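The values are calculated or read from the model by the stated rules, or taken from the named source; none is laboratory data. The structure presented is a predicted model; accordingly, all values stated were derived computationally and were not measured. When we count neighbours, we look across all protein chains shown, and the Cβ atoms used for this are built from the backbone with ideal geometry, even at glycine. The area values use the complete protein model at the heavy-atom level, side chains included, leaving out ligands, DNA and RNA. Shrake-Rupley method; radii C 1.70, N 1.55, O 1.52, S 1.80 Å.
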Amino acid sequence: MTPIVEVRALHKRFGELEVLKGIDFTVAEGEVVSVIGASGSGKTTLLRCLNLLEEFHQGEVLIGGEAIGYHTRRGQRARMGEQEIARQRAMTGMVFQSFNLFPHMSALDNVTLGLTKVRGMPRNQAIELGDHWLERVGMLERRDYRPSQLSGGQQQRVAIARAIAMNPKVMLFDEATSALDPERVGEVLETIRSLAQEGMTMVLVTHEMRFARDVSDKVVFMEDGRIAEQGPPERLFMHPESPRLQAFLKTSSF
Amino acid sequence: MDWSYFFNEVMNNRDALLHGTAITFAVSLIAILAGTVLGIVIGIAVTYGNKPLRWPARLYIDIIRGTPVLVLVLATFYVSSAVGLNLTAFQAGALALTLFCASHVGEILRGALQSLSRGQIEAGRAIGLTFGGIFRYILFPQALRFALPTWITAAVEMVKASTLLSVIGVAELLLTTQQIISNNFLNMQFYLLAGVIYFLIDFAIEQVGRFIGRRLEQPTRRMV
Ligand SMILES: Nc1ncnc2c1ncn2[C@@H]1O[C@H](COP(=O)(O)OP(=O)(O)OP(=O)(O)O)[C@@H](O)[C@H]1O
Ligand SMILES: [Mg+2]
């Protein structure tokens, strides 16, 4: 079966600074992959390449078998047009560390905007689906609230509903709980966990090691723009091979 | 003071006064509408454009905003005829005010857009919106709310600036008033009358602005 996400020899630079130095990994359907690693190792950048929020310079990213972002015309690698990139972005759902809800819209409108304007869904159908996902993340009673009237955890759950309502092939989470008060972390992790259990394909960048160990099918450890080690969580957390990972796990809290 | 003489004169010159008011109103309206549309384009270019778009837009805003309106009006009038564009005084004046208005709207919009977090743009991209959609549904509605009060001020400025078109012979309200006064010497009364008419036009603009503002304050549910 074709993997949902396939990354081949991915390279990315910011100016002179090479941030991704040849990344290879795959995510199968229904798989939950956690990406861990020290600050600055390139986790966020990798995730942002998967939905084309960053450009990359070498290698390929395939989502559902489709190479995204770039095509080769007469031997020349060129970035695709805006429409095409927008369509490909909607194949992935992204949840940001800082929620990034649209502040002038209700929770429901945040969820339905993409459905009506990108998917072209009739408004009443979009509301129905929006309500469904808001209920799923426990936010239905707050559907008419503005983001400023919601706690961080509630905003993040709305953001999850907004992303997943678009029916993406894979959900990408970039430290979805890092900006939350400690007492709000649990509710968001619980939401993510339940989506994982329902078979949603996911890539999670996280500093929550215990959570990564519990929900993941596979863990990817990044070190200075490379994948230093990857495999099932039991192996990586219990029997890390590389000294770097051993050191990283010692300094991480569980 | 002989008020009956004044009222008589008002009645005698009422066509000219109405015409002058209409010209002032028309030229201001054209400048505000066209200037706002052009200003939005310039504001987008200066905030989100790549270098070849951003630089000309930045230059435009800085130069036009830094030029006295009177100079702008005279320059548009004489330059347009020098390059063979046969604009009437009214057209040249409307063009000058439009360019002036656009520079202000561009700068106002830039300020409002820059206060919005970049994260919203990325969230819009992530759900598959193109930049057009992001601007229309996410950025513009918020920028409009921030910018509305300053935009109203700018619109009122346009009405005031329209008095400068008298120097190129556009028979707007001020020039009309001056012509009437040169016949009947009722300086104070007619300037006062002109002042009241200008005030009413400005007042109307502010009311329209307030109305738009109230519409924006309502929940966005119905608007999107
Ligand atoms: N827009 C940018 N311009 C220049 N350099 C950048 C940019 N974004 C990230 N970097 C650099 O790229 C490297 C990887 O950053 P990235 O944000 O991917 O790390 P990370 O693993 O997500 O770190 P953290 O755990 O702190 O979130 C860092 O050295 C960072 O300084
Ligand atoms: Mg990061």
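Apply the Karplus curve 6.51 cos²θ - 1.76 cosθ + 1.60, θ = phi - 60°, to the phi angles in the range A:13-28 and return the couplings in whole Hz, x for Gly and Pro.
10, 10, x, 7, 7, 7, 9, 10, 10, x, 10, 10, 6, 10, 10, 7
Please name whichever of A:Gln154, A:Val137, A:Met171 sits farthest to the positive end of the charge dipole of the range A:101-196, dipole taken about the Cα centre and charges placed at Cβ: Lys and Arg +1, Asp and Glu -1.
Going by the Cα projections, it comes out as A:Met171.
Using only the Cα atoms of the range A:192-232, construct the convex hull and provide its projected area averaged over every direction, in square nanometres to one decimal.
Its Cα hull, projected and averaged over all orientations, spans 3.1 nm².
What do you get for the angle between helix B:140-161 and the principal long axis of chain B? Use alpha-carbon atoms, 0 to 90 degrees, nearest ten.
20 degrees
Residues with amide H under 5 Å of A:Gly59's amide H, sequence separation 5 or more or different chain, H placed in the peptide plane at 1.01 Å from N; which?
The list, which skips near neighbours in sequence, is A:His11.
Quick check for me: using +1 on Lys/Arg Cβ and -1 on Asp/Glu Cβ, what's the dipole size of the protein assembly as shown about its Cα centre, in debye to the nearest 20?
Dipole about the Cα centre, nearest 20: 560 debye.
So how strong a dipole does chain A carry about its Cα centre when Lys and Arg Cβ are +1 and Asp and Glu Cβ are -1, to the nearest 20 debye?
Computed about the Cα centre, the dipole is about 640 debye.
Ratio of chain A's C-alpha Rg to 2.2 N^0.38 Å, to two decimals?
Here the Cα radius of gyration is 1.01 times the empirical estimate.
Cα axis of helix B:89-114 to longest principal axis of chain B: angle in degrees, 0 to 90, nearest 10?
Once rounded, one gets 30 degrees.
At a probe size of 1.4 Å, how large is the accessible area of A:Asp214, to the nearest 10 Å²?
80 Å²
A:Met94's amide H: which non-local residues (gap 5+, or another chain) put their own amide H closer than 5 Å, with H modeled 1.01 Å from N in plane and none for Pro or chain starts?
A:Leu172
Roughly how much of B:Thr36 is accessible, in Å² to the nearest 10, using a 1.4 Å probe?
30 Å²
Set Lys and Arg Cβ to +1 and Asp and Glu Cβ to -1, take the dipole of the protein assembly as shown about its Cα centre, and tell me which of B:Gln114, B:Phe140, A:Ile68 lies farthest positive.
A:Ile68
Can you list, largest first and rounded to whole Å, the semi-axes you get for the protein assembly as shown by taking the square root of 5 times each eigenvalue of its Cα gyration tensor?
After diagonalising the Cα gyration tensor, the semi-axes are 60, 25, 17 Å.
So which GluC sites (Glu not before Pro) in the range A:19-70 end up in coil per DSSP with only 15 or fewer other C-beta atoms within 10 Å?
Sparse-neighbourhood loop GluC sites (Glu not before Pro): A:Glu29, A:Glu55.
Once each part is reduced to its C-alpha centroid, what is the distance from the range A:13-31 to the range B:49-118 in angstrom?
46 Å
If each Cα of the range A:4-131 is one equal point scatterer, what is log10 of I(q)/I(0) from the Debye formula at q = 0.12, 0.13, 0.17 Å⁻¹?
Computed log10 I(q)/I(0) values: -0.57, -0.66, -1.03.
Which value, in Å² and to the nearest 10, is the accessible area of B:Leu113 when all protein chains are kept and the probe is 1.4 Å?
0 Å²
Probe radius 1.4 Å, ligands and nucleic acids left out: which of A:Met238, A:Met139 has the largest accessible area, and how do the rest follow?
Result of the area sort, largest leading: A:Met238, A:Met139.
Quick one: which residues, 5+ away or cross-chain, put their amide H under 5 Å from the amide H of A:Glu29? H built at 1.01 Å from N.
Placed amide hydrogens put A:Ile4 under 5 Å from A:Glu29.
For chain A, set up a GNM with springs between Cα atoms under 10 Å and report which of A:Thr92, A:Thr116, A:Thr177 has the largest fluctuation.
It is A:Thr116.
Between B:Val73, B:Val37, B:Val208, find the one with the highest GNM mean-square fluctuation for chain B; connect C-alpha pairs within less than 10 Å.
B:Val208
Determine Rg/Rh for the range B:62-118; Rg is computed over alpha-carbon atoms and Rh is the Kirkwood hydrodynamic estimate from the same atoms.
My calculation of the ratio gives 1.15.
Okay, helix-only estimate at 222 nm for chain A: each DSSP H run of n ≥ 4 adds -39500 (n - 2.57), divide by all residues, round to 500 deg cm²/dmol; what do you get?
-10500 deg cm²/dmol
Run the dipole for the range B:7-217 about the Cα centre, Lys and Arg Cβ at +1, Asp and Glu Cβ at -1, nothing else charged, and hand back the magnitude in debye, nearest 20.
It comes to approximately 860 debye.
Enter the angle in degrees (range 0 to 90, nearest 10) between the Cα long axis of helix B:14-48 and the first principal axis of the Cα atoms of chain B, meaning the one along which they spread out most.
On a 0 to 90 degree scale, this one is about 20.
Which of B:Ile23, B:Pro52, B:Val208 sits farthest toward the positive end of the charge dipole of the range B:7-217, with +1 on the Cβ of Lys and Arg and -1 on the Cβ of Asp and Glu?
B:Pro52
Please build a GNM for chain B, connecting alpha carbons under 10 Å apart, and tell me which residue among B:Leu116, B:Leu70, B:Leu173 fluctuates the most.
Highest fluctuation among the options: B:Leu116.
Past the 23 Å Cα-Cα mark, which pairs from A:Lys21/A:Lys169; A:Lys43/A:Lys117; A:Lys218/A:Lys250; A:Lys169/A:Lys218?
Flagged as over cut-off: A:Lys21/A:Lys169; A:Lys43/A:Lys117.
Which of the GluC sites (Glu not before Pro) across the range A:71-166 are loop residues per DSSP, with 12 or fewer other Cβ within 10 Å?
none
List the relative contact order of chain A as a percent without decimals, with contacts defined as Cα pairs under 8 Å and 6+ residues apart.
Reported as a whole number, the value is 26 percent.
For chain B, what is the relative contact order in percent, using Cα pairs closer than 8 Å and at least 6 residues apart in sequence?
Computed over chain B, the figure is 28 percent.
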